[in-house]
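The values are calculated or read from the model by the stated rules, or taken from the named source; none is laboratory data. Fair warning: this is a prediction, and the values are worked out from it, not measured in the lab. Cβ atoms come from the backbone with ideal geometry, glycine included; neighbour counts cover every protein chain shown. We work out accessible area using only protein heavy atoms, side chains counted, and drop any ligands, DNA or RNA first. Shrake-Rupley method; radii C 1.70, N 1.55, O 1.52, S 1.80 Å.
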Amino acid sequence: MKIFRFLVVVALALTLCTSCKSFHTLSGNKKVAQGRPYELIVVATQPVWTGPLGDSLRNILAAPIPYLPQIEPEFDVLRTVPDGFKNIVAEHRNILKVLVDAKVQEAAVAVEYDLTAAPQIVLTLQGPSEEALIAYLAEHGQKVVDVIKMAERDRAVAFAEKFGVEGIEKKIRTMFGIEMSVPKGYNLAAESEDFLWARYEYPEASQGFVLYSYPYAGSSQLTPQALTEARNRFVMRIPGPSDGSYMITSPVFEPECRTFGLEGRPWVEMRGFWDVEGDFMGGPFVSYTTLDKANNRLITLDCYVYAPKLPPHKRNLLHGLEHLLHTISFPADKATEGAQ
């Protein structure tokens, strides 16, 4: 049976920050979905794609991601005409079909999962006219983006949970008392009583994360300035390439903070850029901080990317780190849920 939901339902799930998964176990004889992460195939006729509706779609789907050193789009968008939507194209991981039909009463987006392959998400944007769809996208375009990104996130989380680095996960459990899935490829770089650093090294890039904790003394510790100061105290333990050099938060670009809820737990997200004091290195970072009431402490997951030789390809590296947050759980939270 096909899983068929309307975007309104998905949007509600996003608003409530639930753990609803768009990843489904492959069953039957379905093929493995094709394509790279954050690659999207749009199925639309030539007139639609080259007209105002196509412009609206590109403005939403290829909008630049903030806090990256170079301009990178939300998705790598590939377009095909309806007649070309078959064979391996129809087995892509992310698909958006555009249907303009006067018989359709109102504009809407429908979402299907694992239709011809798995894991796969297929969205159908349909409406009675191009004008109706343009108006719909003006109001709900970000929700379309969020649903696709949620599908990518859940694939990454499922992979991390299935193919984790047991040694690092055990260290995290022992040191911080939390559960976290760390996908294969990461190696432990450093550790101390309140600090753990793991990294994934590529030939031309590096991505890494730091976990650290410190005593909670009040809400003033959750301001952007206080979080930046705390970050600098810990990430300075990450050495640079030259003697005496170390990571800092870039003083040139002020980080941006926001508060959000995940699994009933409040988090503070901080995005910005990092530099190396005493050397010429830098890149984007994102950190997530939450209050661990059971132990009266703040815990931060801080993630960074370094890819000087891959200027336009930092998006996926950073998203891969962002997904780690969704693998974290606190045993105390589960105990509280069980007592209710």
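A straight Cα-to-Cα reach below 16 Å connects Lys293 with the lysines Lys334, residues fewer than 8 places away in its own chain not being considered.
Taken per residue, the accessible surface of the range 197-282 reaches 52 Å², heavy atoms only and a 1.4 Å probe.
Rg and Dmax over the alpha-carbon atoms of the range 176-293 stand at 14.7, 44 Å.
In a DSSP loop and with at most 11 other Cβ atoms within 10 Å, the chymotrypsin sites (Phe, Trp or Tyr not before Pro) in the range 243-329 are Phe280.
With contacts taken as Cα pairs under 8 Å and at least 6 residues apart, the range 106-265 reaches a relative contact order of 9 percent.
Roll a 1.4 angstrom probe over the protein heavy atoms and tell me the percent of accessible area of the chain that is carbon or sulfur. Result for the chain: 55 percent of the exposed heavy-atom area is carbon or sulfur. Shown here are the Rg and Dmax of the Cα trace of the range 45-115, at 14.3, 46 Å. The shape of the range 132-217 can be summarised by an equivalent ellipsoid whose semi-axes, obtained from the alpha carbon gyration tensor, come to 34, 17, 13 Å from longest to shortest. For the chain, the Kirkwood estimate of hydrodynamic radius, built from reciprocal distances between every pair of different alpha carbons, is 21.7 Å.
Estimated from the Cβ-Cβ distance and a Förster radius of 30 angstrom, the FRET efficiency linking Ala63 and Gln225 is about 0.55.
For the listed residue pairs Lys86/Lys184; Lys184/Lys309; Lys171/Lys309; Lys143/Lys314; Lys30/Lys103, the alpha carbons are over 30 angstrom apart in Lys86/Lys184; Lys171/Lys309; Lys30/Lys103. The stretch between Val145 and Thr45, if pulled fully straight at 0.36 nm per residue, gains 33.9 nm over its current Cα-Cα span.
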